[in-house]
Amino acid sequence: MMTVDLVTSASNVPASEMLSQIVEAIFEIVTSANNILVKKESFRELSTYLERIVPVLKELNKKDVGQSESLNTVTEILHREIKAAKQLMMECSKRNKVYLLMNCRSIVKRLKDTTTEISRALGLLPLASLDISTSIREEIGELCDNMGRAEFKSALAEEEILEKVESGIQDRNVDRSYANNLLSLIADAVGISTERSALKKEFDEFKNEIENARLRKDQAEAIQMEQIIALLERADAASSPMEKETKYFSKRKSLGSQPLEPLQSFYCPITRDVMVDPVETSSGQTFERSAIEKWFSAGNKLCPLTMTLLDTSILRPNKTLRQSIEEWKDRNTMITIASMKSKLMSEDEEEVLHCLEELQELCQNRDQHREWVILENYMPSLIHLLGFKNRDIRQRALVILRFLVKDSDDAKERLAKVGEGLESIVKFLGRRIEERKLAVALLLELSKYDLLRDCIGKTQGCIFYLVTMLSSDDSQGSRDAQALLENLSVSDQNIVQMAKANYFKYLLQRLSSGPEDVKIIMATTLGEMELTDHHKESLLEEGVLGPLLHMVSHGDVDMKNVAVKALRNLSSVPRNGLQMIKDGAAHPLLDLLIRHSLSSSSLREQAAATIMHLALSTVSQEAGETPVSLLESEQEVLMLFSLVNLTGPDVQQRILQTFNALCQSPSAKNIKSKLIQCSAIQVLVQLCEHDDQNVRPNAVKLFCCLVDDGDEAIMLEHVGQKCLETLVKIIQTSDNEEEIASAMGIISNLPEVPQITQWLLDAGALLTILRNLKNSGRSDPNGRELVENAVGAIRRFTDPTNLEWQKRAAEAGVIPALVKLLGYGTTLTKEYAAMSLARFSENSIVLSRPIPKRKGFWCFSPPPDFVCIVHGGLCTVESSFCLLEAEAVGPLVSILDEADPGASEASLDALLTLIEAERLQSGSKVLEAENAIDPIIKFLSSPSPRLQEKALHALERIFRLPEFKQKYGQSAQMRLVDITQRGNSSMKSLSARILAHLNVLHDQSSYF
């Protein structure tokens, strides 16, 4: 709203109307104070004073003040100053911000003058003759005092800027970095963005203020503004690259192509060199400052030229001459720079190197020289030189490039536009230390330009090399690499590349405190990366788990999905899995899988796979550690296992793998018990018929784990003929060796009920298992387990109470296969094989065919060599299961030395079948021949009571034979005596009986 013009003379308007207009104007000033662009606090202070004046003016307006001359003077002053304040406020709300900053001292002075004049006007009020309240009188007095003492000053930052402007103009500073810094300070002071386009817009508006000054015919202000513009236009943002280039080439073309010789006046009369800092003495002569000062310090007081007496305290800078010298130097340098470019393409490396040295010196001397080199488009040539074989040329080129791009966004942009420019520089990160150091310093400078950070990060190999440099012995290179990575981390894609180079600092920062979309990117990266175990462990140690679990618990479906995928990747390391369980990762994952109705199939699959990893980690717990449990309650076990029937194959597979792992963990006994209680056997029997080749093997494996410890009644309830036929079919058709081993493990551990064995025989299990046993020659864990379970399964067909089954097994070739396994199987395999051989041997005495009585010619009778020395008849492996015919005695004896008591006991059982009943004499001789007596005696000292007792029973029989008592009694004596001291009552008695055989104790001993 346009303000009502205040009257210009109190004589034309009644005093009351004048006061009303002043009050109205004050209100407008107060309202407009918030729109001020500069010195806002000062204008608010003035507004506060003016607001306090309003009640005074209103009080005066209520009184009949008449036509008092003093009052008219007061109203005229107030009218004038309020109008001035309003005009100043209008200027400060509409003029260019930079212009206002450059005139802040003038603004402050006008504010001070207005405040002082208003204070003076209030002091002229004839308070004695006015009928006004005491409070108004006191307020007027206080206002006069406050406004009279009001201090309006430029801020320190504003004063610093003005001093820099004045200094730059006075020193004719043409340094680009000086202008860039100054323009940045100005932007901060007036509250505008330092972004290039914003600065350019503001500066262009400032330049338009020159025309306003010229229209006002304010020549002094116009000149001052031209000087300020000349100083600031050196800044990158002050003019476009095209404007700079046009201006430069326009000037350069006007100079000619040949350097000019210096004028005679440029030389110092003392040094005979072109002056740098010319000063004029009191005689009017000009010398180089350092030369004349040295002349004076030597005691000379006469002018070196005129020999007149000089006032040594007077040395005036000869600015005019200095300006002429600098213009001459600039002209020649500009011509030199323009002419040097072609020399860089010379085939003479010495010439190229000399040219680079000269170019480097020029760039080091002045910022303006660097700008001219940039405008002459040296960038492509310097990039080309980076491919030279000469290392000195390459290093010089890198140094010059860094000089050129320093503090110049235009130069940085030009370099980036050179074909293969960044790629050529990045290659040096993999070179020798000196070149690497120069390259990273150059890239660090380039990265200060926002638009190049993505380009640098995308350059192949760049981030990988930088991460490698962090651990370099070169401390400066390492610091620069760190700073460069810091600059590049503004880009999410760069952070992803850093993570792929195994540098996770910024990824963890974004994952913890970034926006949701960025968190998703970071978590996605963690989920998809192929990390080493070491880096997975490092990530967990550095705190990755907390942010991921927060995303799982509080994020949307997309966020949950990527977070769980990341957890899945990290949890594949057992150490991480255990730590994740300890830190509470299991519950939110189980919640996603069990309770979260909104979970997508993909999310449930990821959660199930992660839980499976956590379960696997519990298997690797070391002894002595506090056991870590994944599923802590029966309810969790029940709910998780119930999902086997409610989910798709992928989740089914993971859940089954989870329970398979838990059945190998310290909590295995508890887990198995809870699974059996929740009818898992019934479910697993059904899953054995599943078509999916990932679900079925895991179901069979878990079934095998539960059968081992399962209740016999439950097994007989759920395992029928169909189930057994399914298991046999799996063994026959599956390509999965672990599944085959598990199926045979089930058969091995099922209760030895005749009906089950008969069903298995009817399904062809015997031949199927034997075929797999003969074909398995692998020594890896799966191969060993397959053999163990196969031998365990065959054991059920060797039941000594069923000769038919034994004969079918023998005819199938089971016995030679078992004997073979005694030599190379695991201890458990040897135990199972020995047990089966013992069962076979129990029936050998009844199956050995008697020798027929001789009839006819003696030559047709069986020769003695074919008569079994133990069984006394005709024996074969298939017909009588004879251990001697099967050549099993020797392998069985060798097992007696095994450390495992189970295998030793089973082997001893098999050997002792040879000395039963009337076979004692012949069987003992066979055992002696195979060196079995000494191992049996050693069992008397075994830590296994069962072995001790069986050895005692064997020796009690063997030592009935005088020859064996005499030969082996002495070696057994001390062990037997020890048993009489330490053994249980039955072993003491048996030991005493043997000692009686040995004539060590008499028959009436208390041991009997």
Original post:
Among the residues of region 33-46, which ones are open to solvent by 20 Å² or more (accessible area, probe 1.4 Å) and assigned to a helix (DSSP H, G or I)?
Top reply: Asn34, Asn35, Lys40, Glu41, Arg44, Glu45
Subject >> Selection within region 626-650 - open to solvent by 10 Å² or more (accessible area, probe 1.4 Å) and β-branched (Val, Ile, Thr) >> reply: Thr626, Val628, Thr647
Subject >> Residues (farther than 20 Å from Leu415 by Cβ and part of a helix (DSSP H, G or I)) located in region 348-391 >> reply: Glu349, Glu350, Glu351, Leu353, His354, Glu357, Glu358, Glu361, Asn365, Arg391
**OP:** Please state which of the following conditions Ser313 fails to meet, knowing it meets all the rest: (1) in a loop (DSSP other than H, G, I, E, B); (2) closer than 22 Å to Leu438 by Cβ.
**Re:** (2)
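Give the residues of region 358-367 that are surrounded by 12 or more Cβ atoms within 10 Å (Cβ to Cβ) and charged (D, E, K, R), sorted by residue number.
Those that are surrounded by 12 or more Cβ atoms within 10 Å (Cβ to Cβ) and charged (D, E, K, R): Glu358, Arg366, Asp367.
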**OP:** Go through the residues of region 93-101 one by one and say whether even a single one is assigned to a helix (DSSP H, G or I), open to solvent by 50 Å² or more (accessible area, probe 1.4 Å), among the charged types (D, E, K, R) and more than 22 Å from Gln224 (Cα to Cα).
**Re:** no
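Is region 400-412 home to any residue that is buried (at least 17 other Cβ atoms within 10 Å of the Cβ), touching a Gly at 6+ places or on another chain (Cβ under 8 Å) and either free of Cβ contacts under 8 Å to residues at least 60 places away in the same chain or in a helix (DSSP H, G or I) (or both)?
no
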Original post:
(1) of a type outside the set (A, V, I, L, M, F, W, C); (2) assigned to a helix (DSSP H, G or I); (3) more than 27 Å from Ser844 (Cβ to Cβ): which one isn't true of Asn999, the others all being true?
Top reply: (2)
Original post:
If only one of Gln686, Gln653 is assigned to a helix (DSSP H, G or I) and free of Cβ contacts under 8 Å to residues at least 12 places away in the same chain, which one is it?
Top reply: Gln686
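Would you mind finding the one in Leu438, Leu415 that is of a type in the set (A, V, I, L, M, F, W, C) and open to solvent by 30 Å² or more (accessible area, probe 1.4 Å)?
Values: Leu415 fails: open to solvent by 30 Å² or more (accessible area, probe 1.4 Å).
Leu438 is the lone residue from the list that is of a type in the set (A, V, I, L, M, F, W, C) and open to solvent by 30 Å² or more (accessible area, probe 1.4 Å).
Give the residues of region 69-93 that are touching a residue at least 40 places away in the same chain (Cβ under 8 Å) and either touching a Lys or Arg at 6+ places or on another chain (Cβ under 6 Å) or under 14 Å from Ala33 (Cβ atoms) (or both), sorted by residue number. If you could, list the steps in order and put the result at the bottom.
Initially, region 69-93 is screened for residues touching a residue at least 40 places away in the same chain (Cβ under 8 Å), giving 70-79, 81-83, 85-86, 89-90, 92-93.
Selection gives Ile82, Ala85, Lys86, Met89, Met90, Cys92, Ser93.
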Original post:
Restricting the search to region 689-709, which residues are open to solvent by less than 20 Å² (accessible area, probe 1.4 Å) and more than 42 Å from the chain's Cα centre (by Cα)?
Top reply: Val707
**OP:** Return yes when Leu78 is farther than 20 Å from Gln21 by Cβ and open to solvent by less than 10 Å² (accessible area, probe 1.4 Å) and no when it is not.
**Re:** no
Original post:
Looking at Leu822, is it at pLDDT below 95, open to solvent by less than 60 Å² (accessible area, probe 1.4 Å), assigned to a helix (DSSP H, G or I) and under 15 Å from Leu766 (Cα atoms)?
Top reply: no
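If only one of Asp175, Asp188 is in contact with a helix residue (DSSP H, G or I) (Cβ under 9 Å, 6 or more places away or on another chain), open to solvent by less than 60 Å² (accessible area, probe 1.4 Å) and at negative phi, which one is it? Before the answer, list the steps.
Values: Asp188 fails: open to solvent by less than 60 Å² (accessible area, probe 1.4 Å).
After applying the criteria, what remains is Asp175.
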Original post:
If we only count helices (runs of 4 or more DSSP H) wholly inside region 146-254, which ones have 2 or more residues that are more than 46 Å from the chain's Cα centre (by Cα)?
Top reply: 156-170, 196-215, 219-232, 241-253
Original post:
If you go through region 139-162 one residue at a time, do you hit one that is surrounded by fewer than 19 Cβ atoms within 10 Å (Cβ to Cβ), under 30 Å from Cys363 (Cα atoms) and touching a residue at least 12 places away in the same chain (Cβ under 8 Å)?
Top reply: yes
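Tell me the residue from Pro800, Pro852 that is in a loop (DSSP other than H, G, I, E, B) and either within 17 Å of Ile730 (Cβ to Cβ) or open to solvent by 70 Å² or more (accessible area, probe 1.4 Å) (or both), please. Break it down into steps so the answer makes sense when it comes.
On the way: Pro800 fails: either within 17 Å of Ile730 (Cβ to Cβ) or open to solvent by 70 Å² or more (accessible area, probe 1.4 Å) (or both).
Only one candidate passes the filter, namely Pro852.
Does Val926 meet the test of being within 30 Å of Gly825 (Cα to Cα) and β-branched (Val, Ile, Thr)? Step through it out loud before you land on a result.
Values: within 30 Å of Gly825 (Cα to Cα): yes; β-branched (Val, Ile, Thr): yes.
When the stated conditions are applied, Val926 passes them.
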Subject >> Unmet criterion (only one of (1) open to solvent by 70 Å² or more (accessible area, probe 1.4 Å); (2) touching a residue at least 12 places away in the same chain (Cβ under 8 Å); (3) assigned to a helix (DSSP H, G or I)) for Val276 >> reply: (3)
Original post:
Could we say that Ala899 is open to solvent by less than 10 Å² (accessible area, probe 1.4 Å) and closer than 19 Å to Met835 by Cβ here?
Top reply: no
**OP:** Return the total of residues in region 338-357 being surrounded by 17 or more Cβ atoms within 10 Å (Cβ to Cβ) and in contact (Cβ under 8 Å) with a residue 60 or more places away in the chain.
**Re:** 1
Original post:
Looking at region 763-797, which of the residues that are modelled with pLDDT under 90 and outside any helix (DSSP H, G or I) is surrounded by the most Cβ atoms within 10 Å (Cβ to Cβ)?
Top reply: Ser776
Subject >> Breaking point among (1) open to solvent by 40 Å² or more (accessible area, probe 1.4 Å); (2) out of contact with any Asp or Glu (no Cβ under 8 Å at 6 or more places or on another chain), for Ile335 >> reply: (1)
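Matching residues to (1) surrounded by fewer than 19 Cβ atoms within 10 Å (Cβ to Cβ); (2) on the phi < 0 side of the Ramachandran plot; (3) at pLDDT below 75:
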{"residue": "Val7", "(1), (2), (3)": "yes, yes, yes"}
{"residue": "Ser11", "(1), (2), (3)": "yes, yes, yes"}
{"residue": "Met18", "(1), (2), (3)": "no, yes, no"}
{"residue": "Ile26", "(1), (2), (3)": "no, yes, no"}
{"residue": "Thr31", "(1), (2), (3)": "yes, yes, no"}
{"residue": "Thr48", "(1), (2), (3)": "yes, yes, no"}
{"residue": "Arg52", "(1), (2), (3)": "yes, yes, no"}
{"residue": "Thr73", "(1), (2), (3)": "yes, yes, no"}
**OP:** Considering only region 710-757, state which residues are surrounded by fewer than 14 Cβ atoms within 10 Å (Cβ to Cβ) and assigned to a helix (DSSP H, G or I).
**Re:** Glu712, Ala713, Glu717, Lys722, Thr733, Pro754, Gln755
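What tally of residues in region 505-517 results from selecting those that are touching a helix residue (DSSP H, G or I) at 6+ places or on another chain (Cβ under 6 Å) and either open to solvent by less than 10 Å² (accessible area, probe 1.4 Å) or under 19 Å from Met580 (Cα atoms) (or both)?
Taking region 505-517 as the starting set, the residues that turn out to be touching a helix residue (DSSP H, G or I) at 6+ places or on another chain (Cβ under 6 Å) are 506-507, 510-512.
The next check asks that each one be either open to solvent by less than 10 Å² (accessible area, probe 1.4 Å) or under 19 Å from Met580 (Cα atoms) (or both); those that pass are 506-507, 511-512.
The total comes to 4.
The values are calculated or read from the model by the stated rules, or taken from the named source; none is laboratory data. Predicted, not measured: the structure shown is a model, and the values here were computed from it. Cβ coordinates were reconstructed from backbone atoms using ideal geometry, including for glycine residues, and neighbour counts include every protein chain displayed. Side chains are part of the model used for accessible areas, which takes the heavy atoms of the whole protein and leaves out ligands, DNA and RNA. Shrake-Rupley method; radii C 1.70, N 1.55, O 1.52, S 1.80 Å.
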